[in-house]
Amino acid sequence: MPEGAATAAPAGRRPGWRDTVRVYLEPASLRMLTLGFAAGLPLLLVLGTLSFRLREAGVDRSTIGYLSWVGLAYGFKWAWAPLVDRVPLPGLTRWLGRRRSWLLLSQLAVAAGLVGMALADPRQSLTAVVWCALAVAFASATQDIALDAYRIESAPTREQPALAATYQTGYRLAMIWAGAGVLWLAARAQGAATGYDNAAWQSAYLVMAASMVIGVLTVLLSPEPAPLPLAPARNAREWLRTALIEPFADFFRRYKWQAALILALIAVYRISDVVMGIMANPFYVDMGYTKDEVAAVTKVYGVIMTLAGAFVGGSLALRFGVMRILMLGAGLSALTNLLFAWLAGHGHSVPALIAVVSADNLASGIASAAFVGYLSSLTNISYSATQYALFSSLMLLLPKFIAGFSGDYVNAFGYAGFFTSTALLGAPVLLLVWLAMRARQGGPAAPG
């Protein structure tokens with residue numbers, strides 16, 4: 001029996017608030033907090049925070065937008081997910097097990113890539129920064145594959161929203177550390193000097209690389225989920241069929257015509273947030289906010305609202321079902337982008353930034369917790385790594401591609417027009433969630 005199964009409410013009864021809170025104290029949930037931190041740390045360091053660094057170094061917005069395509073590594077992780085799902089690592093797998101061995105290898109690779117980003121200067125060799133960022137993104141995507149499988153195999157389906165909430169809490173805390181924290185560290189290292197200081201950014205990125213030790217220690221001290229028996233392959237053709245084809249075929253067999261609706265929903269659910277996020281830090285720089293101001297606002301208010309959003313989203317999903325909270329999260333995520341459009345016209349104001357960042361983090365926490373729980377519920381545990389990688393890759397592929405043109409859009413229409421357009425991107429999402437809710441009565445497309 002997976003950890004936490006004993007605390008679930010009896011079948012047929014909606015869990016009370018005591019049952020809901022108790023799930024968050026289970027060992028499986030608490031481990032997801034630190035493992036989520038390790039998963040969330042690299043993302044901004046190769047995307048959001050990197051865009052702040054590059055803009056401060058004088059790199060133009062269009063180039064920053066195109067460089068965000070480094071994040072497409074997350075959109076293609078399904079391509080090597082079968083290897084992570086099935087292939088043992090010599091020595092490591094015998095010692096740690098299938099899931100933890102891949103987790104440890106990917107975490108060490110992330111740390112090495114961050115060291116490379118720290119030592120490179122974008123003013124002298126932007127190419128070196130990009131290659132190191134690509135290595136971090138590839139290793140981070142691999143870590144996501146292994147971690148998603150580890151999470152799904154660590155608790156029953158009913159408790160996945162709680163694991164998703166603690167995972168998202170750790171993930172968002174890491175993003176704050178990799179966003180506000182790295183800005184604060186760079187500002188402290190730079191002192192009273194103004195302008196771009198590569199040595200300050202170097203020290204900040206080295207601290208980020210060292211922060212991966214949190215994930216490494218968690219992997220070393222955590223148990224391996226009970227291994228699922230894998231059917232032996234008699235030849236390479238049979239192995240390819242089992243590892244590559246069967247996980248995808250299983251999904252379409254289970255959901256039939258609803259598979260197209262599910263995949264469409266997954267492809268666009270986070271589009272408002274992802275497309276907007278690439279230009280958030282260049283926006284702060286161009287609006288005249290200092291590293292200290294951005295760090296202080298996101299560190300204090302971002303942490304509070306992220307924790308609140310993840311807990312509220314996970315708890316509401318447990319009590320009222322994932323689909324209703326998916327709808328809530330989609331609506332809130334689109335609406336908060338309009339607040340950034342308002343801020344663009346309001347001008348430099350720290351109180352206004354506090355209000356906008358707080359609302360954005362709350363909405364994102366609610367949407368993320370519900371969405372991760374939804375994706376987990378779609379997964380067949382026999383193919384957990386590969387199927388979840390397909391879902392989470394699809395979630396990023398279209399948004400990351402569109403985000404690459406965000407710098408050009410801002411140059412043409414300004415920040416207010418850009419943020420308003422990203423809010424409008426959320427309209428199709430609401431329609432798809434509604435259709436998925438309607439399809440729930442006709443099949444398994446919308447669990448919860």
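Only one of ALA403, ALA385 is crowded, with 23+ Cβ neighbours inside 10 Å and modelled with pLDDT of 85 or more. Can you tell me which?
When all the criteria are applied, what remains is ALA403.
Checking each residue in segment 310-335 for being at pLDDT below 85 and of a type outside the set (Val, Ile, Thr) picks out ALA310, PHE311, GLY313, GLY314, SER315, LEU316, ALA317, LEU318, ARG319, PHE320, GLY321. Pairing each residue of segment 96-117 that is without any contact (Cβ under 8 Å) to a residue 60 or more places away in the chain with any residue that is in a helix (DSSP H, G or I) and polar (S, T, N, Q), provided the two are 6+ apart or on different chains, yields C-beta distances under 6 Å for SER101/THR93; SER106/THR142; SER106/GLN143. Of all residues in segment 123-158, those being among the charged types (D, E, K, R), within 21 Å of GLY40 (Cα to Cα) and not in a helix (DSSP H, G or I) number 1. I'd like the full set of residues that are modelled with pLDDT of 85 or more and out of contact with any helix residue (DSSP H, G or I) (no Cβ under 9 Å at 6 or more places or on another chain), limited to segment 413-448. Correct list: LEU431 only.
Against the conditions (1) under 21 Å from the mean Cα position of the chain (by Cα); (2) closer than 26 Å to THR386 by Cβ, where does THR93 fall short? Just the number, please. Of the numbered conditions (1) under 21 Å from the mean Cα position of the chain (by Cα); (2) closer than 26 Å to THR386 by Cβ, the odd one out for THR93 is (1).
Only residues that are at pLDDT below 80 and either of a type in the set (Phe, Trp, Tyr) or surrounded by fewer than 24 Cβ atoms within 10 Å (Cβ to Cβ) (or both) were counted in segment 156-174, giving 3. When the criteria are applied in full, GLY71 fails the requirement of being touching a residue at least 24 places away in the same chain (Cβ under 8 Å), within 21 Å of ALA146 (Cβ to Cβ), assigned to a helix (DSSP H, G or I) and touching a Cys at 6+ places or on another chain (Cβ under 7 Å).
Comparison of THR242, THR298 shows that the only residue that is assigned to a helix (DSSP H, G or I), modelled with pLDDT under 85 and surrounded by 22 or more Cβ atoms within 10 Å (Cβ to Cβ) is THR298.
The values are calculated or read from the model by the stated rules, or taken from the named source; none is laboratory data. Predicted model only: the values in this text are computed from it and were never measured. Glycine also receives a Cβ, built like all others from the backbone with ideal geometry; neighbour counts cover every protein chain displayed.
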